[in-house]
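Let me begin by presenting the structure, written as structure tokens, before commenting on it.
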């Protein structure tokens, strides 16, 4: 019998060698992003016109700025879509440090608005460092967790990441910016769980976290007022309950097909700043339940395509990076709609692609570009 040739170690390595190959971006994801952006701009135009005309003498005040920021966001998305996502792994710690410094800076020289320091800027150009912090933390967690892998099942390693999270949340609470703490906290818990962290560790931490949350709410009168108003908004219908009551009126009056684009009545100074956190109420009023469900389907498609990209990512870092960004969008959508429908207490959570806001839209579009870049790469065995 003829002997089979012995396979050397070198030959085995060459057979099992894995390389990354480039393909096109995920066009389903890209199309969904563009559609959400276009519909969001239309709704900002409609929802903001009366408020902008009344307070600024220009009905186009907000939409003009939103279009500019959308253009800058498109440029940012084009850049990040063509910037090799693997380079973020080496930049993770420097980006985190920059984010930390910006959060410190906003406490010292930040712009004070309505009793909160959340913005840095010169003249009319401002941005929120918290937007940088969201992406910086996702990149840092994805980079670190992709290295330690199964070690995250140990509480010792989990604690290291939770410690970093608590430090950043502490700075955000000093602004104060409680809502962004909720968003970042929930997003990074998703990343940790996907990376392999044990659910029982989070269950053990649930009680102290809940106690801390109660203390944070109870020690700030305005947060406590929001909670009591949530339980019975009509107890202070002309005060703290005004916003959510008007939001519910807008949703209810929209019916199945809505009153028509541009025909909202609640945006005429009933819903306060309708172009921001409560814009979904105007969406429901003008486009009805049919329109609202269509937009939710678009968000659902975005999350589905994002998770598909994460599952098919060529490495753990890319997978966790996309998971974090996708979870960030999902958490904000769920919480925003929950606030608008009075399912949770009122807090300032913008609706991605819809709520007017320059820096939030810019960094959102940049993060969409990161997902598109990951979608370009495939793992191939040669």
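The values are calculated or read from the model by the stated rules, or taken from the named source; none is laboratory data. Everything numeric here is computed off the predicted structure, so don't read it as measured data. Note that each Cβ is placed from the backbone with ideal geometry, even for glycine, and that neighbours are counted across all protein chains shown.
Remarks
- Residue match in region 358-374 (condition: under 23 Å from residue 125 (Cα atoms), out of contact with any strand residue (DSSP E or B) (no Cβ under 6 Å at 6 or more places or on another chain), in a loop (DSSP other than H, G, I, E, B) and at pLDDT below 95): no
- Test result for residue 52, under 28 Å from residue 181 (Cα atoms) and either surrounded by fewer than 19 Cβ atoms within 10 Å (Cβ to Cβ) or over 21 Å from the mean Cα position of the chain (by Cα) (or both): no
- Residue 345 vs. criteria crowded, with 21+ Cβ neighbours inside 10 Å and within 30 Å of residue 232 (Cα to Cα): no
Results for (1) in contact with a strand residue (DSSP E or B) (Cβ under 7 Å, 6 or more places away or on another chain); (2) at pLDDT below 90; (3) exposed (fewer than 14 other Cβ atoms within 10 Å of the Cβ), shown as yes or no for each residue.
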residue: 101; (1), (2), (3): no, no, yes
residue: 114; (1), (2), (3): no, yes, yes
residue: 120; (1), (2), (3): yes, yes, no
residue: 170; (1), (2), (3): no, no, yes
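- Summed over region 48-70, residues that are over 14 Å from residue 356 (Cα atoms), part of a helix (DSSP H, G or I) and without any contact (Cβ under 8 Å) to a residue 60 or more places away in the chain total 3.
- Test: residue 33 is modelled with pLDDT of 95 or more, buried (at least 18 other Cβ atoms within 10 Å of the Cβ) and either under 18 Å from residue 360 (Cβ atoms) or in contact with a strand residue (DSSP E or B) (Cβ under 8 Å, 6 or more places away or on another chain) (or both): yes
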